[in-house]
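Values in this text are rule-based calculations from the coordinates and carry no lab data. The structure presented is a predicted model; accordingly, all values stated were derived computationally and were not measured. Note that we place each Cβ from the backbone using ideal geometry, even for glycine, and neighbour counts take in every protein chain shown.
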Amino acid sequence: MNERPRILVVYYTQTGQLKRVIDHVLAPLEGKADITFEQLVPVTPFPFPWGKQQFYDTMPETVQLTPRAIQPLKVDVNAHFDLVIMAYQPWFLSPSQPTAAFLQSDAGRQLLKGKNVVTLLGSRNMWLNAQEKVKGYLQQAGAQLVGNIVLVDKSPNLISVITILRWAFKGKKEATRFLPQAGIQENEIITSNRFAAPLEKALLQQQWNDLHPQLLALDAVELKPNLVVLEAKGIRAFRFWAKFISAKGGPGAASRQGRVSMYRGLLLAGIFVLTPISLITSIIKLNLKKNQLRREVDYYKGISLR
C-alpha cells in the first residue's frame, strides 16, 4: 500500500485569517495526505492590534528585506515532503517580515531545497512585488514553484484601505453601517476548498507541470490591470522612504521617528491621490500599450521569474 503524500504548510498569521484560508484549502485533503504545520514565530512578537507609529516604523526593514529574527523551526529540515505550501501575506508590498526571515534562513533554504512549492497569499489587493521577492528566494533555495493561489479583499481600493487600517489599529474587523467587513470576503475563504482537487491530483500523480494552469482555471489568481500600475508607483515610493527613514537609525530609534511621521502623514494622502490617477493611467495604457500591459498581467498571474 502506498504511503499518503506529505504536505508541509509554512505560515505566519497575526489575525488568524490566513490560517482559516489554509484550513479551507486543505479541508478536502484531510485523510488523504499527511499535513504538517510550521507556524513562524518572531523572536520578538509583532503586536496586534498595532500601534500606529510602530506599524509605519516597520515599513523600512520590511521593504529592505532586513527582517526581525524568527524562532528556530520545529520541523526536521531534512524530512521528506511531497509539497510545501508557503502561506504568507504582503506587508508594504513586500513579504511579511517573518516570511522573509524564513526564506533567508539557512534552515529555510535547507528545508525548501528540491521541494515543490505552492505559494498561498492572503492579501489586501497588492501582492505583485512581494511574490516576485518570494519567487527569487525560492529559486535561490533550489525549490520549484509549481503553483500560486491569491485571495484578496475585493472591495474597492480606497474602501479596503479604510477597513484594513481600522482592523490593524483597532482590531475591529466587523462591518459597520457604512463599511464592509475588513479582509478577504467570507465567501472567498469558504470556496477556496475548490483548489484542493488539482492539488490532490498533482500529489497523487506527482505531475506538477499542469498544476498552475489548473489553478488558474479555477480563478486562483485574479488581477486588475490598474493594480499593476498602482503597485509599480507604490513600491518606488516605499523604497525611497525606506532608505530615507533607515538612514536615521534602526527600528524604533527615536532619531528616525520624525521621518516616520512624515511618511505616515504622506502615505494616506498619496494613496487617495494615486488610486484615481493610476486607474486613469491604466485605462490610457490599456488603450495605447494594450499588449504590453496584458503581457504584464499574464506574467504576474504566472509562476515564472524574469
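Over the range 135-275, what number does the Rg to Rh ratio reach, with both radii from the alpha-carbon atoms and Rh per Kirkwood? Reported Rg/Rh, Kirkwood definition of Rh: 1.05. Using Cβ point charges alone (K and R +1, D and E -1), the dipole size of the range 107-171 about the Cα centre works out to roughly 140 debye. Here each label is just a point 7 Å from Cα along the line to Cβ, and for K248 and E30 those points are 5.0 nm apart. The angle separating the long axis of helix 196-205 from the principal Cα axis of greatest extent in the chain is about 40 degrees.
Positive-end ranking of A33, G142, S96 along the dipole of the range 6-222, with charges on Cβ about the Cα centre, is headed by S96. Summarised as an ellipsoid, the chain has semi-axes of 31, 24, 19 Å, derived from the eigenvalues of the Cα gyration tensor scaled by 5 and square-rooted, with the largest first. Simple point charges give the picture: +1 on the Cβ of Lys and Arg, -1 on the Cβ of Asp and Glu, and for the range 6-222 a dipole about the Cα centre of about 480 debye. Protection proxy ranking, highest mean first, for peptides 96-105, 43-52: 96-105, 43-52, where packing is the per-residue count of other beta-carbon atoms within 10 Å, averaged.
I need the GluC sites (Glu not before Pro) found in the range 204-306, filtered to DSSP loop residues with at most 15 other beta carbons within 10 Å of theirs.
Values: sites: E222, E231, E296; in loops: E222.
Those that pass, being in a loop and sparsely packed, are E222.
Of A69, S304, A247, which is farthest on the positive side of the dipole of the chain, counting Cα position, with +1 on Lys and Arg Cβ, -1 on Asp and Glu Cβ, and the Cα centre as origin? Highest projection toward the positive end goes to A247.
Against the main long axis of the alpha-carbon atoms of the chain, helix 290-301 sits at an angle near 60°. Taken as Cα centroids, the range 206-231 and the range 57-83 sit 25 Å apart, rounded to the nearest whole angstrom. One decimal place: the segment D219-N287 gains 22.0 nm when fully extended, by the rule 0.36 nm per residue minus the C-alpha distance. Counted by Cβ distance under 9 Å from A141, the other residues give a net charge of +3, where Lys and Arg count +1 and Asp and Glu count -1.
Expressed to the nearest 5 percent, the antiparallel share of DSSP beta bridges inside the chain is 10 percent. If you wrap the Cα atoms of the range 225-300 in a convex hull and average its projected area over all directions, you get 5.7 nm². Each of I162 and N209 was given a label point 7 Å from its Cα along the Cα-to-Cβ line. The distance between the two points is 5.0 nm.
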